[in-house]
Amino acid sequence: MTEISSMIDMDVYSEKALLIGKVSDIIIDLDSGTIYGILIRESNPALVDGGAPISVPYRWVKAVGDAIILRKFPSRVRIVTGSPN
């Protein structure tokens with residue numbers, strides 16, 4: 001079992017072995033101890049518009065070892081700003 005704190009700065013890869021970024025924080029429900037997501041503050045601009053910060057749902061995580069491998073990840077993440085009208 002991996003300690004949560006050891007996941008900080010770990011590389012995160014898509015199921016296609018594309019580097020998404022490094023874990024900068026973990027999103028946890030302290031009451032239940034459930035991990036909800038991993039925060040990547042500087043994402044790969046080839047995958048995420050402008051290299052924007054993203055939160056990846058923990059249910060997408062396939063494996064945690066020397067790196068984190070995801071089960072799935074969109075081919076491109078577009079960042080939408082402003083209110084939807």
>> Just to check your reading of the model, which residue among Ser32, Ser55, Ser75 is closer than 14 Å to Ile8 by Cα and of a type in the set (Ser, Thr, Tyr)?
In response: Ser55
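To keep it simple, each residue is scored yes or no on (1) assigned to a strand (DSSP E or B); (2) more than 9 Å from the chain's Cα centre (by Cα).
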residue: Ile20; (1), (2): yes, no
residue: Ile28; (1), (2): yes, yes
residue: Ser43; (1), (2): no, no
residue: Ser55; (1), (2): yes, no
residue: Asp66; (1), (2): no, yes
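Please go through the range 32-50 and pick out each residue that is within 27 Å of Glu3 (Cα to Cα), touching a strand residue (DSSP E or B) at 6+ places or on another chain (Cβ under 8 Å) and not aliphatic (A, V, I, L, M). Give the steps one after another, and end with the answer.
Let us first name the residues in the range 32-50 that are within 27 Å of Glu3 (Cα to Cα), namely 32-44.
Okay, now just the ones that are also touching a strand residue (DSSP E or B) at 6+ places or on another chain (Cβ under 8 Å), so 34-44.
Of everything in the range 32-50, those that are within 27 Å of Glu3 (Cα to Cα), touching a strand residue (DSSP E or B) at 6+ places or on another chain (Cβ under 8 Å) and not aliphatic (A, V, I, L, M) turn out to be Thr34, Tyr36, Gly37, Arg41, Glu42, Ser43, Asn44.
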> Restricting attention to the range 5-18, which residues are in a helix (DSSP H, G or I) and more than 12 Å from the chain's Cα centre (by Cα)?
Replying inline: Ser5, Ser6
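Return the residues of the range 47-85 that are of a type in the set (Ser, Thr, Tyr) and surrounded by 12 or more Cβ atoms within 10 Å (Cβ to Cβ); say none if nothing qualifies. If you could, list the steps in order and put the result at the bottom.
So in the range 47-85, the residues of a type in the set (Ser, Thr, Tyr) come out as 55, 58, 75, 81, 83.
Correct list: Ser55, Tyr58.
Within the range 37-46, which residues are touching a Pro at 6+ places or on another chain (Cβ under 8 Å) and surrounded by 14 or more Cβ atoms within 10 Å (Cβ to Cβ)?
Applying the first criterion (touching a Pro at 6+ places or on another chain (Cβ under 8 Å)) to the range 37-46 yields 37, 39-43.
The answer is Gly37, Leu39, Ile40, Ser43.
Kindly check whether there is at least one residue in the range 72-83 that is part of a loop (DSSP other than H, G, I, E, B), hydroxyl-bearing (Ser, Thr, Tyr) and under 9 Å from the mean Cα position of the chain (by Cα). Give the derivation first.
Within the range 72-83, the first condition is being part of a loop (DSSP other than H, G, I, E, B), and the residues that meet it are 72-76, 78-83.
So of that shortlist, the ones also hydroxyl-bearing (Ser, Thr, Tyr) come out as 75, 81, 83.
Subsequent filtering for residues that are under 9 Å from the mean Cα position of the chain (by Cα) retains none.
No, the range 72-83 contains no residue that is part of a loop (DSSP other than H, G, I, E, B), hydroxyl-bearing (Ser, Thr, Tyr) and under 9 Å from the mean Cα position of the chain (by Cα).
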>> So, in the range 1-29, how many residues would count as being loosely packed, with under 15 Cβ neighbours inside 10 Å and not hydroxyl-bearing (Ser, Thr, Tyr)?
In response: 15
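Rule-based calculations on the coordinates, nothing more; no lab input. As the structure is a computational prediction, the values presented were derived from the model and not from experiment. Here Cβ is always computed from backbone atoms with ideal geometry, including for glycine, and neighbour counts include all displayed protein chains.
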